[in-house]
Structure formats: C-alpha cells, structure tokens
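Presented below is the structure to which this report refers.
All of the numbers you see were taken from the coordinates with simple rules; none came from a lab. Remember, predicted model here, so these are calculated numbers, not experimental data. Quick reminder, even Gly has a Cβ in these numbers, built from the backbone with ideal geometry, and neighbours come from all protein chains shown.
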Amino acid sequence: MDTEQKLEVLGAAAKYDICASTSIKSGRPTGRDTIGSHAPAGICHSYTPDGRCVSLLKVLMTNSCRNDCKYCVNRVSNDFERSSFEPEELANIFIELYRRNYLEGIFLSSGVQKSSNYTMEKMLAVAEILRYKYKYRGYIHLKALPHSSPDLIERGAQLADRMSVNLESPNPDRLRLIAHEKNFMLDLIEPINVIQKQIQKGLLKAGQTTQFVVGAAGETDLELLKTTNWLYKHKSLKRAYFSAFVPPEPSSQGQVASNIKKVPLIREHRLYQADWLMRFYEFKLEDLVLQSDSNLSLELDPKMVAALKYREQFPVEINNAPFKTLLRIPGVGPTAAKRIYRVRKEHRFTDINELKNIGVVVKRAKNFILINGKAQGNIKNIVMAKQLELFQPVPLLLT
Ligand code: SF4
C-alpha cells in the first residue's frame, strides 16, 4: 500500500473517534524557525454527513489490533487487510498537508499493535518528529491507548495539547460485555489518573476527553451520565463524547460480525443535551429527569422534560428570577440569561419581543414566564406534559 492509500484507509478508520473544535493557547513559544499556530484560532474541523465533528487530519497509526472489542471494526477477529504508518512517514504527510494549509492540527489514535506500549512509542515518535524536527507548534491530540505505561503518558503530555482515553462503557460490568481484554480500572481509569496529574502540573492545556460508544453494552443513559458526571467532578475531564453505536457496513474493512443493534442518533443527541445542561446550565445530575427505564426521553429534550416535571416551579417572573432559575426556563440559554440579568439592571422588561431581541427562543419560553406579572402562555398548553407522569428524577448518586 502506498502512502496515499494508507492515508485513505487509516484516515477513514479513525472516523469512529470523535473530536471537536478546540481553541487553546498552547503557551509554546514561536519564532522565525518554528511553524504552527498556537493562537486561539483553534484546530480546523469539519462535519461528516451524519453530523459528527471531525478534525481534518484524524488518523490511526495502525488499524491492526490485538484486541477483540465487539463494537470495533479493527478488532482482531475482523478479517481485512491491515495497514500501518511508520512515524517518519506520518509526520511527513502531516507537515506536507499542513504547509499547504489543508489542516491545522492532528488527532492521532491507533489500534493496539503488538502491545499498547509498542504502539504508543510509535505515536509518540510522530509527535516528537513534529515538535523537534519540524518545530511544529500547532495542535496535537494524542489518544492514550488502554494499559499504556505512565512514563509514556507523561512523555505524551510534554508533546500534546490534549490527551484522551476512550472509556467506551460507563463501568466495569458493561465493559466486560464488549471488550473482555480491557480492565476498566487498570487499563482505562489508571491512564486517566496519570493524564490528570499532568494537567495538574500545567501540561495538556486543552485537557483530557473521553468517548463512550452508546448502546454497545446495553447500558442506560443513567449509567453513562453518572460516570460522565464523576469524571467531570473528580478526573478533570474537559469533555465527554457520545458515539451512537453503528454497525460497520460490510466493505473492504471486513464483514459485519457484531450482533449489536444500531442505536438511533437521537439518543446520542439527547445525551449531549443532558451533558450540556450539567456543564453550562448549572444542572446537577439529580436535576435531570429520566424515564422509568433510566433513559432520557427521545421525544423531548431533557431541559423541557425537567421543566414539565417540575412545572409547579413555573411560571417565573423574568424581571426578578435568580440567574439559576432563568437557566431552567426552556428557550433561555446561558448567554440569554446573562443578557436578561444585565438588561434588567437598567430597566424592567415589559414586552416579550425584548426577550426575542436578546436571544431567548420565545416560542419555547413563553409558557414558562411572566413579564411584569403577566403570563405569556400557559404550561397546560403543552400536551406532552400529561406524559411526564412517566418520568422520574434521577435516583441518588452512587459515585
Ligand atoms: S483496542 Fe481499540 S482498536 Fe482495538 S479492537 Fe478495541 S476499540 Fe478497536
């Protein structure tokens, strides 16, 4: 396989790893003999047709893997032609494309060839060539492979802006069902701990992330959200990614051997919305409302579900509601809530159109608010409210 073909194959194989735009100041000094922007312009990214966010050079070191994770196209039992880059080869391609302005960063992941440490050495070699030979100062996201040794992760943290470990499942029991070679605590949480220590030392300015493959192990949304919440609180996680499991198409990448069913993309979307509420809307995990099967509603977004479940707390007066209460109103995001807060220091709101002008989605908000004591709609108009009896608050945290 020539280099171009490898890039095609190993770039396509990386599509199951999710990343998103990252805007950081790396703090690395630049000079006339260096290349790569460390300005907060961020890594260039694009969206695949199914809506996933991908960076422009997202690539695997190799699609060979000794493991046999049931959900993964690269698993050892999948019979297809394998390919690998040599570190110099991949670094050269990247720099070539970089110099042509085709991309602004690299996201490097890999299958586990021979051993995690063997493959991590190769991935680190790519980063070292970029940083030391080409004096590249741009964005590098390195995947830490399961069971990587702490010294390799420490080396990676000196080179990369972000590192990540894919948890794939929310707990040991679920992971065992789909990836029996991996030990949840030793192979995945331990590397996360080592990465966290590097972040605490001031390295990895773009932090660490993780990814879950949703629905592969029969886990519930509650399990995923509990683990995500724990990672945010205790492991300095910057962001969790959720990837609805999609069985790979039969192709040159081998036959479909997995009997795991396709998961609707809307489930992934609802998890992102719930995650967003916890990160930016001051929702605690226990503020989220789940169905009796411990999953989020697919029909309604989690903020609307919570508002309808606790409808006795509405309508709220827009002119004096506390900031946290403003954030609970469907149609009011953090930016709009801040603007409401600012504007009402100057004058009272009297007209719903004023809210529209500062970014409130009035259509969603009107049934939940009062303006100067005057109702703008009626929560009873929301037909779906009747169905909310089926929903339960999230049970108390176990972690
Ligand atoms: S270790 Fe990674 S690449 Fe290998 S089979 Fe599992 S998920 Fe796929």
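Were the residues from Lys133 through Arg342 laid out at 0.36 nm apart, the gain over their Cα-Cα distance would be 70.2 nm.
Multiply the residue separation of Tyr102 and Gln313 by 0.36 nm, subtract the distance between their alpha-carbon atoms, and state the gained length in nm to one decimal. Mind dumping the intermediate values first?
Details: separation 211, 0.36 × 211 = 75.96 nm, distance 5.13 nm.
Gain on extension, Tyr102 to Gln313, equals 70.8 nm.
Relative to the current alpha-carbon distance between Ser149 and Glu181, full extension at 0.36 nm per residue lengthens the span by 9.9 nm. The protection proxy used here, the mean number of other Cβ atoms lying within 10 Å of each residue, ranks peptides 371-382, 307-318, 335-346, 61-72 as follows, highest first: 61-72, 307-318, 335-346, 371-382. The stretch 171-191 and the stretch 63-137 have their alpha-carbon centroids 23 Å apart. With N the number of residues in the stretch 172-284, Rg(Cα) / (2.2 N^0.38 Å) evaluates to 1.18.
Each of Val289, Val194 was scored by other Cβ atoms within 10 Å of its Cβ. Arranged with the fewest first, they read Val194, Val289.
Using only Cα atoms, what Kirkwood radius does the stretch 121-186 have, in angstroms? Walk me through the numbers on the way to the answer.
Details: mean 1/r = 0.0756 Å⁻¹.
In the stretch 121-186 this quantity evaluates to 13.2 Å.
For Ser83, what charge total do you get from the other residues with a beta carbon under 14 Å from its beta carbon, if Lys and Arg give +1 and Asp and Glu give -1? Don't jump to the answer; show the numbers that get you there.
Details: positive: Lys6, Arg82, Lys122; negative: Asp2, Glu4, Glu8, Glu81, Glu86, Glu89.
With Lys, Arg at +1 and Asp, Glu at -1, the net is -3.
Within the stretch 260-395, the percentage of alpha carbon pairs spaced more than 17 angstrom apart rounds to 59%.
Here the alpha carbons of the stretch 327-383 define both size measures, Rg and Dmax, at 10.9, 37 Å.
Which value, to two decimals, describes the C-alpha radius of gyration of the stretch 84-134 once divided by 2.2 N^0.38 Å?
1.15
Please arrange Arg328, Arg155, Arg176 by counting, for each residue, the other beta carbons lying within 10 Å of its beta carbon, fewest first.
On the way: Arg328 23, Arg155 18, Arg176 15.
Going from sparsest to densest Cβ surroundings: Arg176, Arg155, Arg328.
Please find the FRET efficiency linking Thr335 to Lys201, where r is the Cβ-Cβ separation and R0 is fixed at 35 Å, and quote it to the nearest 0.05. Numbers along the way, then the final one.
Values: r = 33 Å, r/R0 = 0.95.
The formula returns an efficiency of 0.60 here.
Packing order of peptides 206-213, 235-242, 3-10, 294-301, highest average first: 206-213, 235-242, 294-301, 3-10 (average count of other Cβ atoms within 10 Å over each peptide's residues). As a proxy for reagent exposure, Ser149, Ser109, Ser84 were ordered by neighbouring Cβ count within 10 angstrom, fewest first; the result is Ser149, Ser84, Ser109. Just add up the charged neighbours of Asp287: K/R +1, D/E -1, any other residue whose Cβ is under 11 Å from the Cβ of Asp287. Combined, the nearby Lys, Arg, Asp and Glu give +3.
In this label model, Ile358 and Glu86 are separated by 6.3 nm, measuring between points 7 Å along each Cα→Cβ vector. The Arg66 and Phe280 beta-carbon pair, evaluated with R₀ = 51 Å, returns a calculated FRET efficiency of approximately 0.80.
Spin-label model, Asn193/Glu4: points 7 Å from Cα along the beta carbon direction are separated by 4.9 nm.
Can you figure out the FRET efficiency of Lys380 with Asn259, using R₀ = 51 Å and their beta-carbon distance, to the nearest 0.05? Don't skip to the end; give the middle numbers.
On the way: r = 45 Å, r/R0 = 0.89.
It comes out at approximately 0.65.
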